[in-house]
Each structure stands twice: as structure tokens, then as C-alpha cells.
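The values are calculated or read from the model by the stated rules, or taken from the named source; none is laboratory data. Because the structure is a prediction, the values reported are computed rather than measured. When we count neighbours, we look across all protein chains shown, and the Cβ atoms used for this are built from the backbone with ideal geometry, even at glycine.
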Amino acid sequence: MLGQTSNVCQCTPTAEVCDGKDNDCDGIVDDEPAVDQACVSRNGTGQVCVAGMCVCGLTCGGTCVDPKTNTSNCGACGNVCATNASCTAGQCACPANQLPCNGACVNEATDTNNCGGCGKACSTNPDATAATCVAGSCGNICTSGYADCDGNVANGCEAQILGTDATNCGACGRSCGGQTCQGGLCSPVTLASGLSDPGGIAVDATSVYWTDSGNSTVMKVALAGGSPVTLASDQDYPSGIAVDATSVYWTDYSNSRVMKVALTGGSPVTLASGMSNPCGIAVDATSVYWMNMGNGTVMTVALAGGSPVTLASGLSNLNTHTNFNDIAVDATSVYWTNMGNDTDGTVMKVALAGGSPVTLASGLSNPSGIAVDATSVYWTNATANGTVMKVALAGGSPVTLASDQDYPSGIAVDATSVYYWVNNGAVMKVALAGGSPVTLASGLSNPSGIAVDATSVYWTNVGAGGMNSKVMKVAK
């Protein structure tokens, strides 16, 4: 080895060409796969480099093939890979999420002919237009008006949801609560009739409560219906209404008072007087809240009464309806709609202790009614092509839940849906996330206030000329 440093070999790197030399100067003679690619480029398909010479790797049927990549002779002559498969290093392989089945690569999660396993075909079942395969399980695409409500794929779409099935009326699992189903709509129940001009409505665990400005009363009836009970009379245009565990609260619009009475009736108590056309009302564990249309204020008073407190003032065009609430409350704030002029309506809030009002949404067309849950504020824009909308409690970009609605008005929410009525005489709902609105009741004369509990939607329905008005409900 003595003197080797003076005789170091010099190497100029070039491409490997299958000649028994280390052309690229990396210490390896005839590097794979570069030399095989060089042989293919020089002599054609199937050529490989062996001992410094390009030779045919495998001859199948008189043709030189590369068994490492040839899908018809993968690893050996005649070994044909499945349709859509590849041949890599002499091994057949289907694309990701596919398996070989009867000579083809199939996705057993979505292939209706091989659903959940090779050869497991999905069939088109009764009242279905086609079969589906989702996550390896067969399903049905149902004929319009039918649904697979029992989860048994084999018997198809067994429920005629747009027919007379009162246990799956309009949708799987929607029970009419003992009422009939016609055309996918539960028959509404009349809880009280022969009323004059019922407006605001509220509900608790036992009863439905409403104001009737036509006969100046506050009334209730059992959830199942029966004989209505007058809780207060001689009220001058009672409008908004709310209820808690002990009392019923309402605004007396013309007498400019905020009132309450025990759930069982008795002598009404004036909580606040000398107001300016109070409308809308909401209640929490300590206080009552309302709006004054006459002087543009939002106010509160303790449940027992006392000195009213102004939470917000200087408001213009308050959207104060007499038949449903435009005010709502949660644990931190009071919310209301401000009608504005044409397209400059707003949804606003103020802290329970008062302060500067905050605009949550603006540029609205006749915002009407308001409801709130743990995450969002909901309202309707009551125009000919109206919308149902929501915005986060902190504000942000409003979200349209339903569009092209006919003067949508009144609003209530539960854990899954938003409920409202439209001018063409229907009570509707739409999912909290939005989607296609669902008709719950139609053919109504003039739906008004709206409320909801665990099973039903309740509303007041004003008859023509204020005659034979009703309080009604329908299963959700």
C-alpha cells in the first residue's frame, strides 16, 4: 500500500450503461435500476442488464417482457394482474382502498356488486329506485315519498312517509301523537277555539298560554286541550307573553303596563306602569324584559316589580309586534330586532346590566321575531322572498338557514330545529344548520305567535275578521 497516495485513480462520472464498469463513480458496477432502464432504452421492452450485457429478462409467448412491471406477465409468464392493478417488482397490486375480485380491482366500501366482500352484490329492493353501498353496507335509494325507516335494507323503503303512516309522517320516526297523517302531514290539533284575536303564545310543562287583544284577556288551556281558563281580563290590548315556574307575564300595550298573574290566575300585578307602548316580553330567573315602541327603549324590572331600569335607549324603528316576541334573553344579554328602513335592519344585544348596545347583524330587510340558544341568535327577514337566519352570540357573518320563504315570521328553537310560520298559511321548520324547510302544517288562515316544547309546535291562528280564532298545535 506504500505510495498509493501518489497513484489515486481518477474517475469522471457518466451515466450507467450496462458495460461492467462503474460509470457514475459511486463504487458500484452497473447500478440497478439505472442499467436496466438503459437496456430498455437501447434494446427495447424486457431488456435487463446481466454481467455487463443487455439480455431479455423473460420471454413469454415469443415476446421479451419485463416481469417486474408487465401486468400480463407479472413475476412469471401468464400471471395476469386484475383490471386496474399495477405490477411492481414482480408483484400485482390494486390501487389504495381496492382489492382484487374476480379479475378486477374493486372498492368493497362503495361497489354495489362487491359490497363488504368479493361477490356480495346489493339488490334493488321494494320501493327503491337503486341500491347503494356505503362503508361496505348495502342501502337503498328510495322512491319519492318512501323511506327505509326500520333499517332493514332487505325489505326496501317500507315506509310511505308522504302517505298516511302516522308513526313516520313526513319523515322517519315523526309520530303524529295520536292524530292522523295525510300526505305526510300530521293533522293539527285545535286546543281552544271561538277566540277573538289571540296573539302572543307561551308554553310550559302543563299548559299553553296566550294573550287575546280582541277580548282583552290572558288565557291558558291544558296541553291536550279542554276548557280554556281566563287568567286575567279587562286588559287593554295585551300582546307579548312569557311564563316561568310561578307566573305568566305580558305587556299591556295600550295601558302601557307590564303585568303578571299567578299560573292559576288571581289578581293581576302591575310590575311597571307609565311605559310607552310596551311590546314583546322575556323573562329569566330574576327579571322581566321588554321593549317600548313609543320611546325606543329596552327595559327591565325585577320579577316582584319595583323601579324599571333602562338597558338601552335612543333606538329607532324597534320591530315591536303585538302577536309574537321580538325580544329574547339568555344568561348574559338581552337581544332584539330593529326593523330599520327597507334594508338597514339590525339584530342587537345589550348586557343584562345595560351599557352600550352591540350590533350583531346589519343590512337586514325587516328582521322579525327573535330566539336564542347556547350558540346563536335566530330571526326571520319578513319579506316576499324572506329568509330565516342566525348569527353567533358574539356576532360575525350571518348564516341563511332557509330562503325564498313567504314573509316568514315568529320564531322558536329547540335542540335540532328552528320553527316559524309563513304568510301563505303554513307552519315550517328547518334544521339549526340550515337545509330544506319542512312543512309541519298548511292550509291555515292566519298563523301568529309560535312556541315549542319537547313534542309539539304551538301557535295562535286568527280567523277571518277575528272570528273563530284558535290555539293549535302539531307534532314536531
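The single condition among (1) under 24 Å from V427 (Cα atoms); (2) in contact with a helix residue (DSSP H, G or I) (Cβ under 8 Å, 6 or more places away or on another chain); (3) not hydrophobic (A, V, I, L, M, F, W, C) that T164 does not satisfy is (2). Residue under question is T400, and the condition is that it be over 21 Å from V283 (Cα atoms) and either buried (at least 16 other Cβ atoms within 10 Å of the Cβ) or not assigned by TED's automatic domain parsing to the domain that holds T297 (or both); does it hold? No.
Exactly one residue out of C81, C87, C101, C77 is touching an Asp or Glu at 6+ places or on another chain (Cβ under 8 Å) and not assigned by TED's automatic domain parsing to the domain that holds C118, and it is C101. Taking the listed residues A302, A262, A232, the one that is small (G, A, S), buried (at least 22 other Cβ atoms within 10 Å of the Cβ) and at pLDDT 95 or above is A232, with no other qualifying.
Summed over region 376-388, residues that are farther than 17 Å from G340 by Cα and in contact with a Pro (Cβ under 7 Å, 6 or more places away or on another chain) total 1. Return yes or no: is T346 in a strand (DSSP E or B) and surrounded by fewer than 19 Cβ atoms within 10 Å (Cβ to Cβ)? Considered against the rule, which asks whether it is in a strand (DSSP E or B) and surrounded by fewer than 19 Cβ atoms within 10 Å (Cβ to Cβ), T346 comes out as no.
The residues of region 100-116 that are exposed (fewer than 15 other Cβ atoms within 10 Å of the Cβ) and more than 34 Å from the chain's Cα centre (by Cα), listed by number, are N102, G103.
For G363, state whether it is surrounded by fewer than 21 Cβ atoms within 10 Å (Cβ to Cβ), touching a Leu at 6+ places or on another chain (Cβ under 6 Å) and modelled with pLDDT of 90 or more. So G363 fails the test.
Does any residue of region 14-27 turn out to be outside any loop (DSSP other than H, G, I, E, B) and either out of contact with any strand residue (DSSP E or B) (no Cβ under 9 Å at 6 or more places or on another chain) or more than 30 Å from G117 (Cβ to Cβ) (or both)? Looking for residues that are outside any loop (DSSP other than H, G, I, E, B) and either out of contact with any strand residue (DSSP E or B) (no Cβ under 9 Å at 6 or more places or on another chain) or more than 30 Å from G117 (Cβ to Cβ) (or both), one finds none in region 14-27, hence no.
Scanning region 382-420 for residues that are of a type in the set (V, I, T) and either more than 22 Å from W459 (Cα to Cα) or out of contact with any Gly (no Cβ under 7 Å at 6 or more places or on another chain) (or both) gives T383, T387, V388, V391, V399, T400, V413, T416, V418.
Residue-by-condition table, conditions (1) in contact with a strand residue (DSSP E or B) (Cβ under 8 Å, 6 or more places away or on another chain); (2) among the hydroxyl-bearing types (S, T, Y); (3) under 20 Å from G345 (Cβ atoms):
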position	(1), (2), (3)
G386	yes, no, yes
K390	yes, no, yes
P408	yes, no, yes
N424	no, no, no
M428	yes, no, no
S436	yes, yes, no
K470	yes, no, no
K473	yes, no, no
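Table: residues versus (1) surrounded by fewer than 21 Cβ atoms within 10 Å (Cβ to Cβ); (2) among the hydrophobic types (A, V, I, L, M, F, W, C); (3) on the phi > 0 side of the Ramachandran plot; (4) part of a strand (DSSP E or B).
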| site | (1), (2), (3), (4) |
| --- | --- |
| A371 | no, yes, no, yes |
| D404 | yes, no, yes, yes |
| I411 | no, yes, no, yes |
| A415 | yes, yes, no, no |
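Inspect region 326-336 for any residue being over 32 Å from the mean Cα position of the chain (by Cα) and either in a strand (DSSP E or B) or in the same structural domain as A361 (by TED's automatic domain parsing) (or both) and give the result as yes or no. No - not one qualifying residue is present in region 326-336. Considering (1) surrounded by fewer than 20 Cβ atoms within 10 Å (Cβ to Cβ); (2) of a type in the set (A, V, I, L, M); (3) touching a Leu at 6+ places or on another chain (Cβ under 9 Å), the lone condition that L191 does not fulfil carries the number (1). Residues in region 135-152 that are of a type outside the set (V, I, T) and either part of a strand (DSSP E or B) or loosely packed, with under 14 Cβ neighbours inside 10 Å (or both): 11 in all.
Here's the yes/no breakdown for (1) modelled with pLDDT under 95; (2) of a type in the set (D, E, K, R); (3) in contact with a helix residue (DSSP H, G or I) (Cβ under 6 Å, 6 or more places away or on another chain):
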| site | (1), (2), (3) |
| --- | --- |
| A272 | no, no, no |
| N277 | yes, no, no |
| P308 | no, no, no |
| S313 | yes, no, no |
| T332 | no, no, no |
| G345 | yes, no, no |
| K349 | no, yes, no |
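Condition check for M472 on (1) more than 15 Å from A224 (Cα to Cα); (2) crowded, with 19+ Cβ neighbours inside 10 Å: one failure, at (1).
Of all the criteria given as (1) within 27 Å of the chain's Cα centre (by Cα); (2) at pLDDT 95 or above; (3) not in a strand (DSSP E or B), the one not satisfied by G170 is (2).
Got a sec? Which of G435, G396, G386 is under 19 Å from the mean Cα position of the chain (by Cα), closer than 27 Å to T211 by Cβ and not β-branched (V, I, T)?
Selected residue: G386, the only one of G435, G396, G386 that is under 19 Å from the mean Cα position of the chain (by Cα), closer than 27 Å to T211 by Cβ and not β-branched (V, I, T).
Given the structure, is N43 modelled with pLDDT of 90 or more and in contact with a Cys (Cβ under 8 Å, 6 or more places away or on another chain)? Taking the combined requirement at face value, the residue does not satisfy it.
Summed over region 50-67, residues that are over 60 Å from the mean Cα position of the chain (by Cα) and assigned to a loop (DSSP other than H, G, I, E, B) total 5. Is it the case, given these coordinates, that G395 is more than 29 Å from P268 (Cα to Cα) and either touching a strand residue (DSSP E or B) at 6+ places or on another chain (Cβ under 9 Å) or not assigned by TED's automatic domain parsing to the domain that holds P278 (or both)? So G395 fits the description; yes.
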